[in-house]
Amino acid sequence: MKFIKKFEELGIKDIPLVGGKNASLGEMIQQLKSKGILIPGGFVVIAEGYRYHLRENNLEKKIKKLLQKIDKNNLQEFASIGKKIRDLISKATLPKDLENEIIDAYKKMQKKYGKNCDVAVRSSATAEDLPEASFAGQQETYLNVSGEKALLKSCKNSFASLFTDRAISYRMDHGFDHMDVALSTGVQKMVRSDKACAGVAFTLDTESGFKDVIFINSSYGLGESVVKGSVNPDEFFVHKTTLEEGFKPILKKRLGSKKIKLIYSKSKKKSTEEVAVNKKDQKLFSLNDKEILHLAKQCLLIEKHYTDLKGKWSPMDIEWGKDGTDGKIYILQARPETVHSLIQDQNILEEYVLGKVSKENKILIKGKSVGRKIATGKVRVVPSAKKMHEVKKGEILVTDMTDPDWEPIMKLAAGIVTNRGGRTCHAAIVSRELGIPAIVGASGATKELKTGQTVTIDCSSGEVGIIYSGKVPFEVKEIEIKKIPKLKTEIMMNVGNPDEAFNFAKLPADGVGLARLEFIINTSIQIHPLALVDPKKVELKKDKQKIEDLTFGYKNKKQFFVDKLAQEAGTIAAAFYPRPVIIRLSDFKSNEYRQLIAGKYFEPEEENPMLGFRGASRYYSSSYAPAFKLECLAMKKIREEMGLFNVKLMIPFVRTVEEAKQVIAEMKKYGLEQGKDDLEIYMMCEIPSNVILIDEFSRVFDGFSIGSNDLTQTTLAVDRDSELISHIFDERNAAVKKMMELAIEGAKNNNKKIGICGQAPSDYPEISEFLVKCGIDSISLNPDTVLKEIMLLGKNKNKRK
């Protein structure tokens, strides 16, 4: 055949012949099928078939003439010309010899898959998926195409889609000659994900560029719903390094709303249709853990193959589908990621920092953040594509969802907000490429936000993007990585929010000196652990319902606590792997525990909870030990199931040496044995007894971390919660500094590591300088002060010399 190739005949060298998408499919079938990667079979109409169609119908001159009339500033005229070109190509008659070859190739597929087998017709441009040319989503895909007549029509429409508005615009912006780019059409057996689920996976974190995770989006039905952003999908993160070592490191799992799905249409007039997903399925994850890990391994193999092929790290953007008839997961296409892969050797760290939010800056709406930037502008609500020409430069584009046709106007916007979509949908991918912030899946945005209203969109603070009314000041900080000095004292970080961990991991820190569990329990778990251990004590119906909603899908409710805590805290550990991460076990006070769902049934009311039932005293107490067990099982899971052995554990508020021994024994009971697999257990040094008896505590623990807040409170007998005496609370007080000095001296005498993870060094650089002089091993800081502190200590080091 002159115009047809089977996928298995193709390799990556054939991009000029069949385009990036089809060449990649052929490459994977040839090289990775033997490694267990499943790719649906089919054939390709090579790019010469497209050129032949144009030549035989004398279309080239007509197309060139129309293209000369395009004015990018006149969007309506632009769209009209684009349609005329597409009509010329799709309404022309296919040359008979080309038509016959397509039919013959389809007949061979029918012998294998059955009469009129269902296929996907995918467009693959010859300049597509080169690192500097992301044509992803520029051309059309046709799903559930069945029969010779429908296939021939789809092939012509595929050719025509080389001239979609967004494809024309993109080529103009990137200096491609329209007539130098050709189109190849891939015809691939459909995967019946309409009966299961499908989605997109990236072999990095799409927001921070963090290299060591696989990020999977998944929703019910055909994957177009995820790609186009018409659904808010489930999100899963898997840690690469420990996955390769044979562990099961599923990190964050985020449930998407998944309200609709795309399935095969029962009507003959259209091939697919959207239907509602039943309420029960919406509350369940679309992939189970075994499938998540299997898919992550496939993605890892694909990335490794292309990295070896290119001789440098090559993160991938992968579409996949689960077949509902055979239950297997198939790879539908794979292309290079086109944002972070281009800035691998970046020497500048750029950070957007939101200024003070005033009372006038009300939070209007929230969604999923894309782009880690901040933008201010006037809102332009665009209800449909017909109105998109109204968008002016510098406005905040607000719409239900975007598709690739919106690309020409998206580059005018200062920021983008959509009602629907996940972090791998079209709006998100294009926003990243354009370098503008976006908030996707912000349900109700088109109703809440009004055209002409000034807003600030903040994507700088983690997974949740926030839209404020009015202007909120912000600044952009830049620092050259090469100028960061190396210090003798380790600089570590305090991290509480797992959603920020991948971004924080880029900072030049030696690890995490304090990973707090309180934020995770408050926001991700929300339920008092004893309510899951002893649900009979929960009396109110509304409390029972809240617990049922949060733990839906878990027969064993205690396992919900273990899994959630392990996944979220494990995310922090994975972000910094193999650097050490010290996780402090929970240190809620009784009044804080009461605020959790059903907390009031299990917590005492104390006059002074700061000095009450907290820290180590809880862990071995008969009333709380069953809850502490869940915490220990979560930490065990992080180390032994996820393989994150960089985790050390730390015990807060240990009043006596006897108490210390009881907690160590309690942890051993639940599988956390000190010394086993190099498990180190540290103690917060935050009570005068810890300093006075440092020699005795050194026989129990592997190291210490000074908690300056509580050490100040207990040394000066100042209740941190009391406003009446707050003026006395000062970590720079001579007595507090003396305590710190003695703690460091005592730890050194016992050959134990000692650091500080309290607030003092973040607030007062002079405290850091004092601690360095005392010989402290590490200083753990709030992330926003890490760079500043390193530069300051570096200068002082030079002065001391």
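The values are calculated or read from the model by the stated rules, or taken from the named source; none is laboratory data. These numbers come from a predicted model, not from an experiment. Here the Cβ positions follow ideal geometry from the backbone for every residue, glycine too, while neighbour counts run over all protein chains shown. These accessible areas exclude ligands, DNA and RNA; they are computed on the full protein's heavy atoms, side chains included. Shrake-Rupley method; radii C 1.70, N 1.55, O 1.52, S 1.80 Å.
Observations on the model:
- Most to least packed among 632-641, 243-252, 14-23 [average Cβ atoms within 10 Å]: 14-23, 632-641, 243-252
- Descending principal axes extents, the stretch 550-655, alpha-carbon based, whole Å: 43, 36, 21
- Since only ASN503, MET28, VAL691 are under comparison, the one whose Cα sits farthest along the positive direction of the charge dipole of the chain, derived from C-beta charges on Lys, Arg, Asp and Glu, is MET28.
- Toward the positive end of the charge dipole of the chain, with +1 on the Cβ of Lys and Arg and -1 on the Cβ of Asp and Glu, the farthest Cα among SER271, ALA198, GLY775 is that of SER271.
- Surface composition of the stretch 1-138: carbon plus sulfur atoms contribute 48% of the solvent-accessible area (1.4 Å probe, protein chains only, all chains present).
- Extent of the stretch 212-255 along its three principal axes (Cα atoms, max minus min coordinate, largest first): 36, 16, 16 Å.
- Three-way shape call for the stretch 152-208 based on the alpha-carbon gyration tensor, with the a/c threshold at 1.5: oblate
- For the stretch 317-372, the gyration tensor built on C-alpha atoms gives an oblate shape. Its axis ratio a/c (a ≥ b ≥ c) is at least 1.5, and a/b is not larger than b/c.
- Accessible surface for the chain, divided over its residues, is 41 Å² per residue with a 1.4 Å probe.
- Debye, to nearest 20: dipole size of the stretch 488-547, +1 on Lys, Arg Cβ, -1 on Asp, Glu Cβ: 360 debye
- Cα centroid of the stretch 241-282 to Cα centroid of the stretch 505-578, whole Å: 24 Å
- Cα lying deepest toward the dipole's positive end in the chain, options PHE704, LEU88, SER590, charges on Cβ: LEU88
- Carbon + sulfur, % of accessible area of the stretch 482-613 - ligands and nucleic acids excluded, 1.4 Å: 50 percent
- Applying the Karplus relation 6.51 cos²θ - 1.76 cosθ + 1.60 with θ = phi - 60° to the stretch 614-621 yields 3J(HN,Hα) values of 8, x, 4, 4, 5, 4, 9, 5 Hz, where x marks Gly and Pro.
- Surface share of carbon and sulfur [accessible, 1.4 angstrom probe, percent] for the stretch 360-463: 53 percent
- Built amide H within the under 5 Å cut-off of VAL277, gap 5+: ILE260, LYS261
- Taking the Cα centre of the chain as origin and assigning +1 to Lys and Arg Cβ atoms and -1 to Asp and Glu Cβ atoms, the resulting dipole is close to 2640 debye.
- With the convex hull of its Cα atoms as the shape, the stretch 195-311 has an orientation-averaged projected area of 8.7 nm².
- Structure-derived Rg and Dmax of the Cα atoms in Å: which label, when the choices are [x] 29.4, 93; [y] 35.1, 116; [z] 42.1, 157: [x]
- Relative contact order for the chain: 9 percent, from Cα pairs under 8 Å spaced at least 6 residues apart, divided by residue count.
- Only Cα pairs under 8 Å and 6+ residues apart enter the sum, and on that basis the relative contact order of the stretch 637-691 stands at 45 percent.
- Protection proxy ranking of 740-748, 545-553, 490-498 - average other beta-carbon atoms within 10 Å, highest first: 490-498, 740-748, 545-553
- Global form of the stretch 333-447, assessed from the alpha-carbon gyration tensor, a/c cut-off 1.5: oblate
- Take each peptide in 618-631, 258-271, 511-524, count the other Cβ atoms within 10 Å of every residue, and average; sorted highest first, the result is 511-524, 618-631, 258-271.
- Remark: the stretch 324-445 carries a charge dipole of roughly 520 debye about the Cα centre, counting +1 on each Lys and Arg Cβ and -1 on each Asp and Glu Cβ.
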